[in-house]
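What follows is a set of notes on a single structure, which appears directly below.
Derivation of every value follows stated rules applied to the coordinates shown; laboratory data play no part. Every value quoted in this text rests on a predicted model; they were computed, and no experiment measured them. Here the Cβ is made from the backbone with ideal geometry for all residues, glycine too, and neighbour counts use every protein chain on show.
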Amino acid sequence: MTSVKDKIVSWASQEDYEVHLESPPQNLPLEWIVRLTSKVPISANVVVQKPKDKDFLVISMGVMLSKDHYEGLSKMKEGERAELVYSIVRDLSCLCPDCTIIVQPSITDFQRLLATKTLYIEDLTREGFMSTVKLMVNILALLSLRLSTRFGPMPRTQRKPDESLGFI
């Protein structure tokens, strides 16, 4: 019989995610951790954790704001900053009503975002699991889009004119 971890590794690999098995820290009650990295449309790290003696998985993604976006937020008045962060959390919660969306350390000092969703093992399907992973990638994409729309895009390395984007 195939284990849940083996299924997740297989499903993610077949969907062209990079898969990394990690050892849980000894002080955390986790059986295992699998880190998935998306390649397209953006690079996002999604973490799958299996808590010890529990019948569910925790799918999560953490995002650290870029220096430029953090500085842009810091220049706003505290009330305006709180309103913008609130609207971002509201939009992400609409995208994923079953997710827990947390801004850290606070709504007026937004440095990091953590998105998590729980999947019960008895109901686990390939479609449901991969949909949740793609949802986490979309959360990152929406967050990036909202901040880039407000504060400008992140500086990127310019590609050479003769380099292909890899699209057909």
If contacts are Cα pairs under 8 angstrom and at least 6 residues apart, what is the relative contact order of the stretch 1-129 in percent?
20
About the Cα centre, charge dipole magnitude for the chain (Lys/Arg +1, Asp/Glu -1 at Cβ), debye:
380
Are there cysteines in the chain with no other Cys C-beta under 4.7 Å, and if so, which?
C94
Only helices counted: for the chain, with every DSSP H run of 4 or more residues adding -39500 (n - 2.57) and the sum spread over all residues, [θ] at 222 nm is -12500 deg cm²/dmol
What shape does the stretch 1-71 have by the C-alpha gyration tensor, where a ≥ b ≥ c are the square roots of the eigenvalues, rounded means a/c under 1.5, and otherwise prolate means a/b greater than b/c and oblate the rest?
oblate
Among (i) 40; (ii) 49; (iii) 32, find the value of percent of Cα pairs over 25 Å apart that was calculated from the structure presented, and write down its label.
(i)
If you take the charge dipole of the stretch 4-151 about its Cα centre, with +1 on Lys and Arg Cβ and -1 on Asp and Glu Cβ, which of T132, V85, Q14 is farthest toward its positive end?
V85
Across the chain, how many lysine pairs separated by 8 or more positions, or lying on different chains, have Cα atoms within less than 29 Å?
29
Going by average Cβ neighbours within 10 Å, how do the peptides 21-27, 144-150 rank, with the highest at the top?
144-150, 21-27
What's the angle, to the nearest 10 degrees (0 to 90), between helix 126-151's Cα axis and the longest principal axis of the chain?
10
